[in-house]
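Enquirer: Pasting a structure here, questions to come.
The values are calculated or read from the model by the stated rules, or taken from the named source; none is laboratory data. Please read these numbers as outputs of a predicted model, since none were measured by experiment. In this analysis, Cβ positions are derived from the backbone assuming ideal geometry, glycine residues included, and neighbour counts consider all displayed protein chains.
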Amino acid sequence: MRKTSLDMVYELAKRDRRVVFIGSDLGPDTLKQLKAEFPGQFLMEGVSEANIVTMAAGLAMEGKIPYINTIATFLTRRCFEQIVLDLGLHNTKVRLIASGGGVVYAPLGPTHLAIDDIAILRTVPNMTILAPADADEMRRLMLQTLDVEGPIYVRLGKGGDPIVSRDDLPAEIGKAILMREGADALIVCTGICLQVALAAADDLEKQGIAASVLHVHTLKPLDVTAIYENAARVPVVVTIEEHTIVSGLGSAVAEILAESSFNPSKRFQRIGIPDVFPDQYGSQASLMARYDITAGRLTEVVKQLRGNTR
Amino acid sequence: MTTAFSPTTPDDLALDARSRALRKMIVRTIEAGKRGHVGAAFSVMEILRVLYDDILKVDPANPRWTERDRCILSKGHGCIALYVLLAEKGFFPESELWKFCASDGILGGHPEYGKVPGVEASTGSLGHGLSFGVGFALNAKLEGQKHRVFVVVGDGECSEGSIWEAALCAAQHKLSQLTVLIDYNKQQTYGTIAEVQGLEPLADKWASFGFAVREVNGHDVDALRAVLSEMPFHPSKPGALICHTVKGKGTGLTERNLSWHHKARVSEAEVASLFASLDDE
């Protein structure tokens with residue numbers, strides 16, 4: 001997904017000379033074609049995220065469209081105030097391409113695990129937050145990033161993720177995608193958890209339970225209407241995300257459900273990383289399994305909640 | 001190498017009529033808002049006065065004129081000095097000054113981009129302005145534009161790590177169109193810079209970060225005019241101008257008086273005292 005996103009930066013830079021790529025001390029071959037062909041649109045800066053974010057805001061205020069790439073944790077935590085004030089408050093057209101969203105960097109430990117990025121950035125007015133499911137969807141969404149006003153955060157997966165997005169259901173920034181429809185339960189997912197949600201929906205179907213799957217590739221602005229309307233049709237709602245359950249997708253859906261005053265109320269549960277620092281290394285898959293971010297657990301939760309409904 | 005600095009000290013220098021008049025406008029603004037960062041505004045007054053009177057190419061009728069020089073007040077708490085100059089130059093009506101910090105005004109306790117004509121970036125949280133300036137100057141360099149970028153930072157602000165990240169970046173890109181002006185009044189909120197977190201040798205620090213450094217008495221308008229007319233200080237280095245100043249410069253009540261760093265509920269008696277002091281000087 002990272003390769004696709006950077007390939008897209010090259011494509012966008014070719015077609016629009018306002019596009020400037022800014023790396024924060026990335027690998028030596030990063031976008032070397034862009035550097036060779038359009039040296040004025042390629043910047044490689046030092047390890048200095050605070051300066052890079054505000055400098056990018058300055059470039060954007062002069063008409064550029066900077067795309068910044070580094071590891072997600074460094075691009076959100078260290079420079080959070082710069083994001084709030086210099087991207088959010090100034091409403092600057094800066095794009096944050098965040099490598100290793102979620103637990104992609106499991107072997108590297110908790111300093112590199114971006115399990116709170118969505119929570120952090122949800123609080124920033126004017127911010128758009130994207131979490132594509134796979135490389136194809138990354139391509140569709142990146143093409144739209146030239147036109148959106150204000151800052152955008154793009155959460156990257158590991159790369160080589162199975163393609164589960166569909167040409168016939170193309171992502172449009174701000175619009176959730178109903179990937180499948182069923183009247184018994186609603187699964188709301190984001191990012192690569194779409195593959196988990198679809199697998200669980202398949203399992204549930206075999207057991208006679210029809211689940212809708214709503215893919216929220218844009219976490220902000222959130223497609224409140226789609227979440228509300230699809231929740232209204234079912235008794236059970238479950239969210240799943242590769243992210244802390246604190247203030248991520250699950251919390252956002254809970255806010256909508258709570259304020260909707262459904263009667264009878266919906267049976268609801270969040271699946272995600274609990275309020276802990278992950279305590280193991282291993283792989284993205286092994287950490288997701290450790291915290292039950294799996295199709296098996298999702299299937300089980302849907303069934304449990306249905307058992308509790310009248 | 002840095003240049004030696006041995007002019008008259010900022011304490012000795014008597015303010016001219018214009019500097020006193022500008023400070024009276026600051027006091028009138030504070031009287032209207034009943035609050036304000038007086039020490040910083042009085043400290044930075046001559047730096048901004050010389051920039052706006054003699055150095056900056058700006059057009060008050062067209063604040064976003066693309067060829068304008070950019071000036072960022074990174075120490076945003078000094079904003080009342082900026083506001084009185086912008087009002088005088090015609091960026092917005094003087095009447096806005098009398099709505100300082102009011103709910104229906106455009107002028108807050110820190111300056112806002114997009115709200116105040118002539119303000120190039122929202123500042124108030126320290127350590128952001130120089131990075132904005134790097135972005136502006138880098139864009140100018142990439143596009144072959146000739147305008148210049150000035151960033152006024154505080155001395156206390158130089159404790160922020162982002163200042164030095166920005167300094168490394170400016171030097172790396174050889175941004176000779178960028179000048180940082182340090183309002184070096186040697187005081188911060190709690191006490192002196194030396195006792196809270198020392199900056200010396202400050203000129204050597206900026207020089208070692210790749211800047212061409214000059215020093216000046218930051219209240220001496222002739223000296224400021226002369227040194228800023230030498231811009232750029234170096235053909236391939238960003239400039240740093242260390243302006244030696246006195247916090248609260250201009251009245252006996254405010255000079256080096258920590259209680260006037262930020263003052264809320266300013267009384268009529270205090271306002272009268274400030275006006276009287278500015279008449280006497």
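Enquirer: Just for helices (runs of 4 or more DSSP H) wholly inside segment A:166-266: which have at least 1 residues that are under 14 Å from A:A133 (Cβ atoms) and under 14 Å from the mean Cα position of the chain (by Cα)?
Expert: The qualifying helices (runs of 4 or more DSSP H) are A:193-206, A:249-260.
Enquirer: Considering only residues that are of a type in the set (S, T, N, Q) and touching a strand residue (DSSP E or B) at 6+ places or on another chain (Cβ under 8 Å), look in segment A:21-35 and name the one that is nearest to the other protein chains (Cβ to nearest Cβ).
Expert: The residue in question is A:S24.
Enquirer: Looking only at segment A:36-54, which residues are over 28 Å from B:C158 (Cα atoms) and either more than 14 Å from chain B (Cβ to nearest Cβ) or in contact (Cβ under 8 Å) with a residue 40 or more places away in the chain (or both)?
Expert: Passing the criteria: A:A36, A:E37.
Enquirer: Name the single residue that is farthest from A:Q144 (Cα to Cα) among those in segment A:205-240 being in contact with a Lys or Arg (Cβ under 8 Å, 6 or more places away or on another chain), crowded, with 24+ Cβ neighbours inside 10 Å and of a type outside the set (V, I, T).
Expert: Result: A:A211.
Enquirer: If you don't mind, there's one more thing I want to ask. Can you find, within segment A:55-72, the residue that is nearest to the other protein chains (Cβ to nearest Cβ) among those that are more than 16 Å from the chain's Cα centre (by Cα) and part of a helix (DSSP H, G or I)?
Expert: Among them, the one singled out is A:G58.
Enquirer: Starting from segment A:73-97, keep only residues that are facing chain B (nearest Cβ under 10 Å) and without any contact (Cβ under 8 Å) to a residue 24 or more places away in the chain, then list their pairs with residues that are outside any helix (DSSP H, G or I) and hydrophobic (A, V, I, L, M, F, W, C) whose Cβ atoms are within a distance under 8 Å, requiring at least 6 positions of separation or different chains.
Expert: Correct list of pairs: empty, since none qualify.
Enquirer: Can I ask one more? State the number of residues belonging to segment B:82-115 that are surrounded by fewer than 23 Cβ atoms within 10 Å (Cβ to Cβ), within 14 Å of chain A (Cβ to nearest Cβ) and closer than 26 Å to B:I182 by Cβ.
Expert: 4
Enquirer: If we keep just the residues of segment A:170-186 that are closer than 20 Å to A:A199 by Cβ and of a type in the set (D, E, K, R), which is surrounded by the most Cβ atoms within 10 Å (Cβ to Cβ)?
Expert: A:D184
Enquirer: Same structure, new question: Across segment A:1-47, what is the total count of residues that are aromatic (F, W, Y) and more than 29 Å from A:P162 (Cα to Cα)?
Expert: Qualifying residue count, segment A:1-47: 2.
Enquirer: Another question, then. Taking only segment A:101-112 into account, find how many residues are assigned to a loop (DSSP other than H, G, I, E, B) and buried (at least 24 other Cβ atoms within 10 Å of the Cβ).
Expert: So the answer is 3.
Enquirer: Of A:G102, A:G88, which residue is touching a strand residue (DSSP E or B) at 6+ places or on another chain (Cβ under 7 Å) and not assigned by TED's automatic domain parsing to the domain that holds A:G250?
Expert: Answer to the selection: A:G102.
Enquirer: Checking the conditions here, which among A:E45, A:E37 is modelled with pLDDT of 95 or more, surrounded by 22 or more Cβ atoms within 10 Å (Cβ to Cβ) and either in contact with a helix residue (DSSP H, G or I) (Cβ under 9 Å, 6 or more places away or on another chain) or not assigned by TED's automatic domain parsing to the domain that holds A:F277 (or both)?
Expert: A:E45
Enquirer: Follow-up. Would you confirm whether any residue within segment B:84-102 is in a helix (DSSP H, G or I), out of contact with any Ser or Thr (no Cβ under 7 Å at 6 or more places or on another chain) and polar (S, T, N, Q)?
Expert: Looking through segment B:84-102, at least one residue is in a helix (DSSP H, G or I), out of contact with any Ser or Thr (no Cβ under 7 Å at 6 or more places or on another chain) and polar (S, T, N, Q).
Enquirer: Moving on to the next point. Against the conditions (1) facing chain A (nearest Cβ under 10 Å); (2) touching a Phe, Trp or Tyr at 6+ places or on another chain (Cβ under 9 Å); (3) assigned to a loop (DSSP other than H, G, I, E, B), where does B:G124 fall short? Just the number, please.
Expert: (2)
Enquirer: Any residue at all in segment B:115-130 that's more than 30 Å from A:S48 (Cβ to Cβ) and touching a residue at least 12 places away in the same chain (Cβ under 8 Å)?
Expert: Scanning segment B:115-130 turns up at least one residue that is more than 30 Å from A:S48 (Cβ to Cβ) and touching a residue at least 12 places away in the same chain (Cβ under 8 Å).
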